[in-house]
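A short write-up of the structure that comes next.
Only the coordinates and a few stated rules stand behind these numbers; no lab work does. Treat the numbers as computed from the prediction; the structure is a model and nothing was measured. No Cβ is skipped: glycine too gets one built from the backbone with ideal geometry, and neighbour counts run over all protein chains shown.
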Amino acid sequence: MTELRQRAVREDAPPEDKESESEAKLDGETASDSESRAETAPLPTSVDDTPEVLNRALSNLSSRWKNWWVRGILTLAMIAFFFIIIYLGPMVLMMIVMCVQIKCFHEIITIGYNVYHSYDLPWFRTLSWYFLLCVNYFFYGETVTDYFFTLVQREEPLRILSKYHRFISFALYLTGFCMFVLSLVKKHYRLQFYMFGWTHVTLLIVVTQSHLVIHNLFEGMIWFIVPISCVICNDIMAYMFGFFFGRTPLIKLSPKKTWEGFIGGFFATVVFGLLLSYVMSGYRCFVCPVEYNNDTNSFTVDCEPSDLFRLQEYNIPGVIQSAIGWKTVRMYPFQIHSIALSTFASLIGPFGGFFASGFKRAFKIKDFANTIPGHGGIMDRFDCQYLMATFVNVYIASFIRGPNPSKLIQQFLTLRPDQQLHIFNTLKSHLTDKGILTSALEDE
């Protein structure tokens, strides 16, 4: 009887209500079907992409030891490549960061496309790459304006682009937003909004944090090299300790991760960070901020090192004195900061890897791609690096960076003469009230 009443109510309903109900049902069915089909959508299976030379050389080993040697050899190759790009200078480093960012974005977007490609979503890949272009234009435009201020003011086209940069960026994004709205298809509404969110989260994770990597680089090569090296060291040492001593599982998302590897990697990374910081703090090319020289139209890394990179003597706590027999120790202040960096790289950085593992498990894939044999895709190697880059940028802004006199002077020189004169008089009055200007004149 209840079913008959419900059927009668539906039959007596106005045509508009029936139509809206059928549309809602159709849309609901499409969404649920989309989700179920997405779960069973075929994704690229991982293949053995180990170079044939290594396969032949390691053919007599078990799969466990074969994987150990493949990862070890290719890790050394990647470290050697890392040293080469450091030697080539900051401009090459920025280009490499840009290339890595694009490849990581491509790997994540490709996963989404492979999951949902059977639905023939209009403009999905085109809009994804368009939004990548818009966001890069915004971030790199901000960087150019900030670090190449004099060059921008000298060239009229660049000055105009700099002045209206944010408006142009917003207009570009708004164009993509309107294109997305126009591409909406009735039967795929929910799925298209899924992918719209997918693209934007990818931009947040990849592009924003790679932009922070470049900002860290401009603070000094040491702020780029030490954090990245700490993450690499922790990854290697955690694997080594886990491979030889691992017994206790750490987290279900990564069954091969062990507590032994996690703890061993932490102590090894802290020691490594202290040693690397001590070596690098003695070289100006690593500790000086990367600045653009307008006279030579090139980057310079020459300066008078700050107190952060000058040896100082520290008293050792009494408890430790009795154990090692030293009362004082000479070290760079940056080494103290390196402890914070290496601790984050060891204890919090791996959660970037756990996040990536959860993402891959959600889509039933082993790696983001097969770019590097034994290691997966580029994103598989940089999942922890992006989280580390954000921490370093926040750490510098909170505890290290102060006002930059050179940037203030650059901005001051672009003001109108009356504005410059006003600032001059205000500064003169301020220094006179403090007695600084009077004493300086008396000394002369």
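Which FRET efficiency value, to the nearest 0.05, do you get for Glu304 and Met91 by plugging their Cβ-Cβ distance into 1/(1 + (r/R0)^6) with R0 = 30 Å?
After rounding, the FRET efficiency stands at 0.80.
Compute the convex hull volume of the Cα atoms of region 307-439, divide it by the residue count, and report the result per residue in Å³ as a whole number.
257 Å³
Compute the whole-percent fraction of alpha carbon pairs in region 81-237 spaced more than 19 Å apart.
63 percent
In a shell of Cβ-Cβ distance under 13 Å around Pro350, excluding Pro350 itself, what net charge do Lys and Arg (+1) and Asp and Glu (-1) give?
Local net charge: 0.
Evaluate Rg over Rh across region 212-259, taking Cα atoms for both radii and Kirkwood's formula for Rh.
1.20
In nm, to one decimal, how far is the modelled label at Thr126 from the one at Asn114, with both set 7 Å along Cα→Cβ?
Spacing of the two 7 Å Cα→Cβ label points: 2.5 nm.
Sort out for me the Cα centre separation of region 237-275 from region 101-154, rounded to whole Å.
After rounding, the separation between the Cα centres reads 35 Å.
Could you pull out every residue, at least 5 positions away or on a different chain, whose amide H is within less than 5 Å of the one on Leu250? Hs are placed 1.01 Å off N in the peptide plane, and Pro or chain starts have none.
For Leu250, the qualifying residues are Lys257, Thr258, Trp259.
Which of the trypsin sites (Lys or Arg not before Pro) found in region 353-439 are in a DSSP loop and have at most 14 neighbouring Cβ atoms, other than their own, within 10 Å?
Lys364, Lys366, Arg401, Lys434
Could you please state, rounded to a whole Å, how far the C-alpha centre of region 382-428 is from the C-alpha centre of region 278-301?
With region 382-428 and region 278-301 each reduced to a Cα centre, they are spaced 18 Å.
Can you run phi through the Karplus equation (6.51, -1.76, 1.60; θ = phi - 60°) for region 99-115 and list ³J(HN,Hα) in whole Hz, with x for Gly and Pro?
5, 4, 4, 5, 5, 5, 4, 4, 5, 6, 5, 4, 4, x, 5, 5, 6
Pairs Lys103/Lys364; Lys103/Lys252; Lys103/Lys187; Lys103/Lys163; Lys252/Lys366: which are spaced more than 23 Å apart, C-alpha to C-alpha?
Pairs exceeding the cut-off: Lys103/Lys252; Lys103/Lys187; Lys103/Lys163.
Quote the charge dipole size of region 125-191 about the Cα centre in Debye, to the nearest 20; the model charges only the Cβ of Lys and Arg (+1) and of Asp and Glu (-1).
Using Cβ point charges on Lys, Arg, Asp and Glu, region 125-191 gives about 480 debye.
Any chance you could run the full-extension gain for Ile436 through Thr175? It's 0.36 nm times the residue separation minus the Cα-Cα distance, nm to one decimal.
88.5 nm
Which semi-axis lengths, in whole Å and largest first, follow from the square roots of five times the eigenvalues of the Cα gyration tensor of region 280-341?
Equivalent ellipsoid of region 280-341: 35, 10, 7 Å, largest first.
Which of the peptides 180-187, 320-327 is most tightly packed, and how do the rest follow, judged by the mean count of other Cβ atoms within 10 Å per residue?
180-187, 320-327
Can you tell me how region 170-305 classifies by the Cα gyration tensor, rounded, prolate or oblate, using a/c under 1.5 as the rounded cut?
The shape class here is oblate.
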